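Encoded as structure tokens, the structure appears first; notes follow it.
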Amino acid sequence: MANRRAWGSRLVLASWLLAAGVWLAGEARAQVVDEARQAGRSAQSFPAADEDYFRGMDGGIQLTPDEVKGRNMWIVWTGGNDRLWDDLTNITFGNFDLLKILSSYPGLK
């Protein structure tokens, strides 16, 4: 019986310490300020690049300014690494195709 109480007490103490640690970690994260905020910059002061850097990749087709911004952002953020997305699609047998999920193409269902 005493053994069960000891384990129960240890479990309560461990749970309390874990909760306190999570709370303290959240407090520390809330105080971190990145370089842009330290310099007083907002998200609006970083507009998306609208220069058609990658025009040659599309065979020279004409894109709207929003399409150019979207393509530039996709290539910069993914590093042009399409293999990751292909692998995710193949591993899930086509059930997870992020390009189809996020596409705004009207003919795609």
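Seen from ALA48, the other residues with C-beta closer than 13 Å to its C-beta sum to a net charge of -3, counting Lys and Arg as +1 and Asp and Glu as -1. Peptide packing: for 10-16, 65-71, 31-37, 82-88, the average count of neighbouring Cβ atoms within 10 Å per residue gives the ranking 65-71, 82-88, 10-16, 31-37, highest mean first.
Values in this text are rule-based calculations from the coordinates and carry no lab data. Everything numeric here is computed off the predicted structure, so don't read it as measured data. Note that each Cβ is placed from the backbone with ideal geometry, even for glycine, and that neighbours are counted across all protein chains shown.
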